[in-house]
Amino acid sequence: MALIKPINGILPTFGINCFIAENATVIGNVHTGSDCTIWYQAVLRGDVNKITIGNKVNIQDGAIIHCTYQKHDTLIGNYVSIGHRAIVHGCVVEDHVLIGMGAIVMDGAHIQSNSIIAAGAVVTEGTQVEEGSIYAGVPAKKIKEISIEQTSQLISRIADNYVMYAKWQG
């Protein structure tokens, strides 16, 4: 069973039809929408600030979601995929965003809708990622524009797939 624990009397809350893997950790001020999946060894730590997650968000294996004490909460929109071992910390991630495997998104960053953060990219503190773009590298820079239709379809498909994968978990 997943470790779901209150901090300072605040217990995480989950929308309907969410999957939380047996060894995931979700603590404190964390709130998800519906059809979210939190995979194996993922950690969502709402101990020092609030983490708010929309609908159809998948937080893949080993990912870490955290925030900054008295400074930055973490807000994640709808249809967001957070890849394996990614770190999302004290930032805003709008709707229809893909954060690639091993990517890091730092405090105060703002990832606009229909964007992709490439695997291994480091989005530094305060970076504003433009809508409909792909950012890659260390530090992450805009490398390409992508149509909103392409991005939305790709990311919606991934989000829907993760809801399906959760059903296979038994």
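The values are calculated or read from the model by the stated rules, or taken from the named source; none is laboratory data. Because the structure is a prediction, the values reported are computed rather than measured. Positions of Cβ are generated from backbone atoms using ideal geometry, with glycine treated the same way; all protein chains shown enter the neighbour counts. Each accessible area value is taken on the protein alone, full model and side chains, heavy atoms only, with ligands, DNA and RNA left out. Shrake-Rupley method; radii C 1.70, N 1.55, O 1.52, S 1.80 Å.
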Please give the length that would be gained between GLN128 and GLN70 if that part of the chain were fully extended, namely 0.36 nm times their separation in residues minus their C-alpha to C-alpha distance (nm, one decimal). 18.8 nm
With everything on Cα atoms, drop me the angle between helix 148-167 and the longest principal axis of the chain, reported from 0 to 90° to the nearest 10. 20
Log10 I(q)/I(0) at q = 0.20 Å⁻¹ for the chain, from Debye over equal alpha-carbon scatterers, is -1.29
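To the nearest 20 Debye, how big is the dipole of the chain about its Cα centre, given +1 on the beta carbon of each Lys and Arg and -1 on that of each Asp and Glu? Walk me through the numbers on the way to the answer.
Working: 11 positive and 14 negative charges, 57 e Å.
Its charge dipole is roughly 280 debye.
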Once you sort the root eigenvalues of the Cα gyration tensor of the range 118-164 as a ≥ b ≥ c, which label holds: rounded (a/c under 1.5), prolate (a/b larger than b/c) or oblate (the other case)? prolate
Counting every C-alpha pair in the range 74-170, the percent lying more than 21 Å apart is 24
Debye intensity ratio I(q)/I(0), log10, the range 25-111, q values 0.13, 0.19, 0.20 Å⁻¹ (C-alpha model): -0.31, -0.70, -0.79
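Ordering GLU130, GLU145, GLU94 by how much accessible area each has at a 1.4 Å probe, largest first, what is the list?
Order by accessible area, largest first: GLU145, GLU130, GLU94.
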With a cut-off of at most 12 other beta carbons within 10 Å, and DSSP calling the residue loop, which chymotrypsin sites (Phe, Trp or Tyr not before Pro) in the range 30-137 qualify? Please list them. TYR69
Using 0.36 nm per residue, how much length does the chain from ILE143 to MET164 gain when fully extended, once their Cα-Cα distance is taken away? 4.4 nm
In nm, the gap between the two label points placed 7 Å beyond Cα toward Cβ at ASN17 and ALA119 is 2.9
Using heavy-atom solvent-accessible surface (probe 1.4 Å) with all chains present, what is the largest-first order of MET164, MET101? MET101, MET164
For the range 1-27 and the range 109-170, what is the separation of their Cα centres, given in Å? 25
